[in-house]
Amino acid sequence: MAHSAAERVDEQRLWRRHMELAAIGATQKGGVNRQALTAEEFDARRLLVTWATELGLQVFTDDIGNLFLRLEGTDPELAPVLTGSHIDTQPTGGKFDGAYGVLAGLEAVQAIIEAEVRTRRAVEVVAWLNEEGSRFTPGMMGSEAFAKLRGLDEMLNVKDRDGVSVSAVLPEALAATPEAIHRPLGSPVAAFVEAHIEQGPELERLEKTIGVVTGIQGVRRIRVAVTGEEAHAGTTPRATRRDALEESSRMVAALYRGLYIDDDVRFTVGMMQIEPNVPSVVAARVVFSVDLRHPDTETLADLADCVDAICHREASMCEVEIWQIAEAQSIHFNELVVDTIQAASDRLGLANMRIFSGAGHDARQLHFVCPTGMIFVPCEGGISHNEAENATPSDLAAGTRVLVETLLELSET
Ligand SMILES: [Zn+2]
């Protein structure tokens, strides 16, 4: 029975919906700019609700504006099985990051309906609010509020660059879909499964269609401030300079040399702020970022210690301050969910592999609340957070078939 529902997944319909959704906020270069809580995102919410209503799904929303599309189960009292991702994008984002998880969920539900399968638990498709955190920083607001990892008020008070707060625009998001019924934040969930493009090159390189995701790697976000002194570029001898940029450059070079202790290390200095940032003045202060990731939590802690040691070692005339702005542990998904995804992939005859996610996802937050897992499909060249992001219709459909089987199994537990 389960197999027949997976066969109902319609590759063309799934692809068409991706293209239709991508038209909202479409950019010149073929990407998407549909940031959370903007007019484009409101249009996307409306489109989703239109599709859901055609399928006879009930629509719900909550205090942070997460959107839920519910296919009722035979036992409405039971907590639903949840699937989905996000519909917001980076300012120069692609057509598939996030959108795939939501549209795969909708397609899976449609396939279940068309196969005339009745699930015991309800199946709900969710679009989590503001995963990317572009207009309102930081992201993952919807899933963090849902999982009660951060206070709702804290998020509602977040302001964009123009000083507009989340609480000021959220009513507009809710008004975009007046048919949505309000429900309390953090209603019970039996399990969560998120389908997503890999955003990395491994599946393509190893010619696998499905990534059975075992967890999400941890990250440490660090800032290093190096303070020297402004001086005249023409008259100040080297010996008396306290050049913050010279010492920062030495630190960054030493970090690149010292931190790559194995192939799993991901180390990035993506931001450097120089003061006064004037061509003929010795830099008085430099603040640079360190983004450090590793699947192993202990190794990640060691690497963070190394950042500290290396920067202090390379400082001479300047003062150095180092502080951590964010830390997330590596997490491991529920074995039952991982095994269910694995078994479904095998049954469907799809080439698959276990994979650890390098990027963060809403599934991180949900894993604190309920048994959680993720399904990855390849994306072209591993390119993501980029307007050139691409995936094939058949891979997207294959991931959705795995999702159907996974949802059907979890909805009977
Ligand atoms: Zn995403």
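Nearest 500 deg cm²/dmol is fine: what mean residue ellipticity at 222 nm does the chain get from its DSSP H runs of n ≥ 4 alone, each adding -39,500 (n - 2.57), divided by its residue count? All intermediate terms of the calculation are to be shown ahead of the outcome.
Values: 13 runs with 146 residues, N = 413.
It comes out at -11000 deg cm²/dmol, rounded to the nearest 500.
Relative contact order for the chain: what is it in percent, counting Cα pairs under 8 Å that are at least 6 residues apart? Each step should come with its number before you reach the end.
Numbers: 963 pairs, mean separation 99.8, N = 413.
With pairs under 8 Å counted, the relative contact order is 24 percent.
Please give the net charge around A388, taking every other residue with its beta carbon less than 9 angstrom from that of A388, where Lys and Arg add +1 and Asp and Glu add -1. List each step's numbers first, then the result.
Working: positive: K29; negative: E380, E387, E389.
Net local charge, A388 excluded: -2.
Which net charge results for the neighbourhood of A111, defined as the other residues with beta-carbon distances under 12 angstrom from its beta-carbon, given Lys and Arg at +1 and Asp and Glu at -1? Write out the running numbers ahead of the final one.
Working: positive: R8, R13, R401; negative: E7, D10, E11, E107, E114, E116, E405.
Net local charge, A111 excluded: -4.
Cβ under 15 Å from Q342's Cβ, Q342 left aside: what net charge do those residues give with Lys, Arg +1 and Asp, Glu -1?
Numbers: positive: K208, R347, R354, R401; negative: E335, D339, D346, E405, E409.
After counting each charged neighbour, the total is -1.
Would you please state the base-10 log of I(q)/I(0) at q = 0.08, 0.13 1/Å for the chain, with intensities from the Debye formula using one equal scatterer on every alpha carbon?
Cα-only, vacuum Debye calculation for the chain: -0.47, -1.08.
Ranked highest first by the average count of other Cβ atoms within 10 Å around their residues, in what order do 358-364, 218-224 fall? Present the calculation step by step, with values, prior to reporting the outcome.
Values: 358-364: 22.9, 218-224: 19.3.
In descending order of packing, they fall as 358-364, 218-224.
For H232, H196, H385, H367, what's the fewest-to-most ordering of other Cβ within 10 Å of each Cβ? Write down the numbers at each step before the final one.
Numbers: H232 10, H196 28, H385 16, H367 22.
Ranked by crowding around the Cβ, least crowded first: H232, H385, H367, H196.
Hey, what did segment 199-292 get for relative contact order, percent, Cα under 8 Å, at least 6 apart? Please report the intermediate quantities before stating the final value.
Details: 136 pairs, mean separation 35.9, N = 94.
Dividing the mean separation by the residue count of segment 199-292 yields 38 percent.
Counting other C-beta atoms within 10 Å, which of E319, E314, E194 has the fewest, and how do the rest follow?
Numbers: E319 13, E314 19, E194 32.
Placing the least packed residue first, the sequence is E319, E314, E194.
Beta carbons within 10 angstrom, averaged per residue: use that to sort the peptides 400-410, 233-243, highest first. Each step should come with its number before you reach the end.
On the way: 400-410: 26.2, 233-243: 11.5.
Final packing ranking: 400-410, 233-243.
For the ranges 203-211, 107-115, 254-262, what's the packing order if you count other beta-carbon atoms within 10 Å of each residue, average per peptide, and put the highest first? Intermediate values should be presented prior to the final figure.
Numbers: 203-211: 18.9, 107-115: 23.3, 254-262: 13.9.
By packing density, highest mean first, the sequence is 107-115, 203-211, 254-262.
The numbers here are math on the coordinates, done by the rules we state, and not lab data. Since this is a predicted model, take the numbers as computed values, not measurements. Backbone-built Cβ (ideal geometry, glycine too); neighbour counts: all protein chains shown.
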